[in-house]
Amino acid sequence: MSESNENNPVEIPEVFTDEVVARLEQDAKEIVSRYPKPRSALLPLLHLVQSEEGHVSAEGMRFCADQLGITLAEVKAVATFYTMYRRDPGGDYQVGVCTNTLCAVMGGDEIFSALKEHLDLANGETTGDGKVTLEHVECNAACDFAPVVMVNWEFFDNQTPATAKQLVDDLRLGADVAPTRGPASLCTWKQASRVLAGFDDGRAGEGVQAAGPSLAGLRIADRNGWTAPDPNNLPTRPDQGEEGAK
Amino acid sequence: MTTLTPILSRNWDRPDSFTIDGYRATGGYEALRRALTMDPDSIVDLVKQSGLRGRGGAGFPTGMKWGFLPKDNPNPRYLVVNADESEPGTCKDIPLMLANPHVLVEGVAIAAYAIRSQQAFIYVRGEVVHVVRRLRQAVADAYEAGLLGKDVLGSGFDLDVVVHSGAGAYICGEETALLDSLEGYRGQPRLKPPFPAVAGLYASPTVVNNVESIASVPGIVANGAEWFTSMGTEKSAGFGFFSLSGHVTNPGQYEAPLGITLRELLDMAGGIREGHRLKFWTPGGSSTPIFTEEHLDTPLDFESVGAAGSMLGTRALQIFDETTCVVRAVGRWIAFYAHESCGKCTPCREGNFWMVQVLDRLERGEGTEADIDKLLQICDNLLGRSFCALGDGATSPVMSSIKHFRQEYVDHFEKGGCPFDHSRSTLWADRPTTEEGGNR
Ligand SMILES: Cc1cc2nc3c(=O)[nH]c(=O)nc-3n(C[C@H](O)[C@H](O)[C@H](O)COP(=O)(O)O)c2cc1C
Ligand code: SF4
Ligand code: FES
């Protein structure tokens, strides 16, 4: 059954038709089979229903509960604990600006304000065309590329207000957009959720292996001829005597 | 002088570094082959001799942890890799898994064999979809090549590996919360003891290790414990990633022996960005007390950083120059802890909520001297009194910033606002303006 949210009146189509349920049950079986105990499949199952609907609705949670033989309340307790599960419908592209301390200081705050103004959205809101949901996110383990913007949880490194505005414009126009470190083009929110549920999209080989800052140390080591110790000719550790102390 | 030791990052400049062929071309999976000829217990001993300590923050000796698994428990044993990497500032495991997932997979296979486990999980934070793709592909290719699955390389050893994506919750990096999450529950920490070694996943004996810890194992097996101890210091052996971020000329990953100093690392990284000077930095993520210029020569090993009043943590060196407002920085971190508190215990749930209110007030210039004392009081109720280390960690930035920069808190309310121009801290602050906004 579809609920409509007062603040965000979106028509929700009936998603979990018998046909869809039959298909998702196949997927759910595969997910459950990976684990020694079925309940471990709950997080991936929630990613799976999110990949179908774009968010996790009461119906989606009911589906998960049925697959695992647990109550709706048990599923709800879990789904609401984790921030990646959307409770309301959102856009095809979730644009998350990192505003944790390091990115904020490096300009994440300015980027987030610029996007709010540019799109006329508050945190968590979606553009009228249903393309972009804007939010701020916590540290995404890319601080050496600050300030960082994540779109559908792909990396857009070293952003500025101007590049971020261009990025959301391109997303809304449907132009091809490629993450800095990620696949050759962005997939949608639903497609990304399916990968998180554990279904491959065949794109692991796309994109760079490493970029810029990830290679900073390696480049300096190469330039200076620094390597790890040779196991067949070990040096003395600096704190272990004279020869080592160089 | 300490020099860099690219080991895990050695092949990252190969465009195919993340593929099984690329990894094998640089000697990948030879250590597994060797390990499978050894007695499992002797691998545990080797890792003990190497002195490898957990790279996930706490620095617990890895071999010793493996040795804690009870010999008489009939339940299956599990290996769980903690790839949740969410501590603010920490950014080493994600690039490692993106560029070289196979070194982790090889480490998983060796570690599982050593602890006699036939089922391993890699719990990766969900917010990094491409890393999930790379890991899953690496695991699939390893199965295909007979490096995982039934009868690994004809040794009779069976191992299944599952890549499991989290769903956004910093607390799931705490090892017992992670286990609850992996069992399909809300990620809330468990009371210890029992430790995971005794009752972990599904109440069975379980080893939880960080990505970098496990990825360091193939090198130890291939090159020996002495090779590992030839790097680092007596009690902090080996190498690790030092992740420089913030106001530094060349931020990034620097793989070096433990005990290197920030001064040495900054020399390599081109120093603080031009025209500015170091103000404060975290040695190991936001949960470790901040340091200042005074600590530039502190060896970055577990003991020395501890003796200087902080923690080595995850070697996440977030570097801030004189344009940065420390009150703002700390306020933002505490907003993070308040958001991520799992709510299980009162000191952390309430303490962080109130610290956010007080810090906001102070940052706006509406605070008072009493607010600073209030913060210290709240920290006093948190530190050592919260259920898990998240609560303790939250006190680090607050207490250390008041210790080093109390006057800056005072300046805010004396001036009736923040004395800093935040735009001067940005990545583009010193770039010539080129166009509208000037922000290319
Ligand atoms: C709030 C919190 C978050 C943590 N996050 C992580 C994490 O993301 N990755 C990690 O390896 N360890 C994390 N830890 C530490 C783990 O609890 C655990 O000590 C570690 O995974 C053990 O692995 P190691 O011995 O190989 O370091 C966290 C701890 C706390 C209290
Ligand atoms: S300290 Fe915080 S995160 Fe840890 S158990 Fe208590 S409320 Fe949860
Ligand atoms: S603070 Fe933004 S990625 Fe770490």
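If I go through the range B:1-60 residue by residue, how many of them are within 16 Å of ligand 2 (Cβ to nearest atom) and surrounded by fewer than 19 Cβ atoms within 10 Å (Cβ to Cβ)?
Matching residues across the range B:1-60 total 1.
Within the range A:134-143, count every residue that is in a strand (DSSP E or B) and either within 12 Å of the chain's Cα centre (by Cα) or of a type in the set (Ser, Thr, Tyr) (or both).
Going through the range A:134-143 one residue at a time, the tally reaches 1.
Anything in the range B:356-389 that is assigned to a helix (DSSP H, G or I) and in contact with a Pro (Cβ under 8 Å, 6 or more places away or on another chain)? List them, or say none.
Looking only at the range B:356-389, we keep the residues that are assigned to a helix (DSSP H, G or I), and these are B:356-363, B:369-382, B:389.
Those that are assigned to a helix (DSSP H, G or I) and in contact with a Pro (Cβ under 8 Å, 6 or more places away or on another chain): B:ASN381, B:LEU382.
When you scan the range B:163-178, how many residues do you find that are out of contact with any strand residue (DSSP E or B) (no Cβ under 7 Å at 6 or more places or on another chain) and either modelled with pLDDT under 95 or more than 12 Å from ligand 2 (Cβ to nearest atom) (or both)?
Qualifying residue count for the region: 2.
In the set A:GLY128, A:GLY124, A:GLY107, A:GLY96, which member is small (Gly, Ala, Ser) and under 14 Å from the mean Cα position of the chain (by Cα)? Spell out the reasoning first.
Details: A:GLY128 fails: under 14 Å from the mean Cα position of the chain (by Cα); A:GLY124 fails: under 14 Å from the mean Cα position of the chain (by Cα); A:GLY107 fails: under 14 Å from the mean Cα position of the chain (by Cα).
Selected residue: A:GLY96, the only one of A:GLY128, A:GLY124, A:GLY107, A:GLY96 that is small (Gly, Ala, Ser) and under 14 Å from the mean Cα position of the chain (by Cα).
Testing B:GLU363 on (1) within 16 Å of ligand 3 (Cβ to nearest atom); (2) open to solvent by 10 Å² or more (accessible area, probe 1.4 Å); (3) not aliphatic (A, V, I, L, M), one condition comes back false. Which one is that?
(1)
Mind checking whether some residue in the range A:211-224 is surrounded by fewer than 17 Cβ atoms within 10 Å (Cβ to Cβ), hydrophobic (A, V, I, L, M, F, W, C), facing chain B (nearest Cβ under 7 Å) and closer than 24 Å to B:THR3 by Cβ?
Among the residues of the range A:211-224, not one is surrounded by fewer than 17 Cβ atoms within 10 Å (Cβ to Cβ), hydrophobic (A, V, I, L, M, F, W, C), facing chain B (nearest Cβ under 7 Å) and closer than 24 Å to B:THR3 by Cβ, which makes the answer no.
Condition first: open to solvent by 10 Å² or more (accessible area, probe 1.4 Å) and either away from ligand 3 (no atom under 16 Å from the Cβ) or hydroxyl-bearing (Ser, Thr, Tyr) (or both). Now tell me which residues in the range A:100-122 satisfy that.
Matches in the range A:100-122: A:SER113, A:ALA114, A:LYS116, A:GLU117, A:HIS118, A:LEU119, A:ASP120, A:LEU121, A:ALA122.
Please go through the range B:310-354 and give me each residue that is in contact with a strand residue (DSSP E or B) (Cβ under 8 Å, 6 or more places away or on another chain) and open to solvent by 40 Å² or more (accessible area, probe 1.4 Å), ordered by number.
B:GLU322 - this is the single residue of the range B:310-354 that is in contact with a strand residue (DSSP E or B) (Cβ under 8 Å, 6 or more places away or on another chain) and open to solvent by 40 Å² or more (accessible area, probe 1.4 Å).
Take the conditions assigned to a loop (DSSP other than H, G, I, E, B), in contact (Cβ under 8 Å) with a residue 60 or more places away in the chain and within 11 Å of chain A (Cβ to nearest Cβ) and apply them to B:THR288. Does it pass?
no
Tell me whether the range B:79-96 contains one or more residues that are more than 30 Å from B:THR261 (Cβ to Cβ), open to solvent by less than 10 Å² (accessible area, probe 1.4 Å) and away from ligand 1 (no atom under 14 Å from the Cβ).
Within the range B:79-96, none of the residues are more than 30 Å from B:THR261 (Cβ to Cβ), open to solvent by less than 10 Å² (accessible area, probe 1.4 Å) and away from ligand 1 (no atom under 14 Å from the Cβ).
Does B:GLU175 satisfy being within 20 Å of the chain's Cα centre (by Cα) and either open to solvent by less than 10 Å² (accessible area, probe 1.4 Å) or within 16 Å of ligand 3 (Cβ to nearest atom) (or both)?
Criteria not met by B:GLU175.
Which of the following residues is open to solvent by 10 Å² or more (accessible area, probe 1.4 Å) and not aliphatic (A, V, I, L, M): B:SER204, B:SER230?
None of the others qualify; the one that does is B:SER230.
Got a number for residues in the range A:138-149 being more than 8 Å from ligand 3 (Cβ to nearest atom) and more than 7 Å from chain B (Cβ to nearest Cβ)?
Looking only at that region, the number is 1.
Could you count how many residues in the range B:52-95 are in contact (Cβ under 8 Å) with a residue 40 or more places away in the chain and within 9 Å of chain A (Cβ to nearest Cβ)?
12
Against the conditions (1) open to solvent by less than 20 Å² (accessible area, probe 1.4 Å); (2) at the interface with chain A (Cβ under 8 Å from one of its Cβ atoms); (3) closer than 24 Å to B:SER286 by Cα, where does B:VAL248 fall short? Just the number, please.
(2)
Residues B:ARG332, B:ARG328: which one is in contact (Cβ under 8 Å) with a residue 12 or more places away in the chain and within 16 Å of ligand 3 (Cβ to nearest atom)?
It is B:ARG328.
Six or more apart or on different chains, Cβ under 8 Å: which pairs go from a residue in the range A:182-204 that's more than 9 Å from every other protein chain (Cβ to nearest Cβ) and free of Cβ contacts under 8 Å to residues at least 60 places away in the same chain to one that's part of a loop (DSSP other than H, G, I, E, B) and open to solvent by 10 Å² or more (accessible area, probe 1.4 Å)? Could you list them?
Listed pairs, sorted by first residue: A:ALA184/A:ALA178; A:ALA184/A:ARG203; A:ALA184/A:GLU206; A:ALA184/A:GLY207; A:SER185/A:ASP176; A:SER185/A:VAL177; A:SER185/A:ALA178.
Condition first: assigned to a loop (DSSP other than H, G, I, E, B), within 12 Å of another protein chain (Cβ to nearest Cβ) and either buried (at least 22 other Cβ atoms within 10 Å of the Cβ) or not polar (S, T, N, Q) (or both). Now tell me which residues in the range A:70-98 satisfy that.
Scanning the range A:70-98 gives A:ILE70, A:PHE81, A:TYR82, A:MET84, A:TYR85, A:ARG86.
Could you check how many residues of the range B:166-198 are aromatic (Phe, Trp, Tyr) and either out of contact with any helix residue (DSSP H, G or I) (no Cβ under 6 Å at 6 or more places or on another chain) or away from ligand 1 (no atom under 11 Å from the Cβ) (or both)?
Residues flagged as aromatic (Phe, Trp, Tyr) and either out of contact with any helix residue (DSSP H, G or I) (no Cβ under 6 Å at 6 or more places or on another chain) or away from ligand 1 (no atom under 11 Å from the Cβ) (or both) within the range B:166-198 amount to 2.
The values are calculated or read from the model by the stated rules, or taken from the named source; none is laboratory data. In this text the structure is predicted, and so the values were computed from the model without any measurement. Heads up, the Cβs are rebuilt from the backbone with ideal geometry, glycines too, and the neighbour counts pull from every protein chain shown. Surface areas here come from the heavy atoms of the whole protein model, side chains and all, with no ligands, DNA or RNA. Shrake-Rupley method; radii C 1.70, N 1.55, O 1.52, S 1.80 Å.
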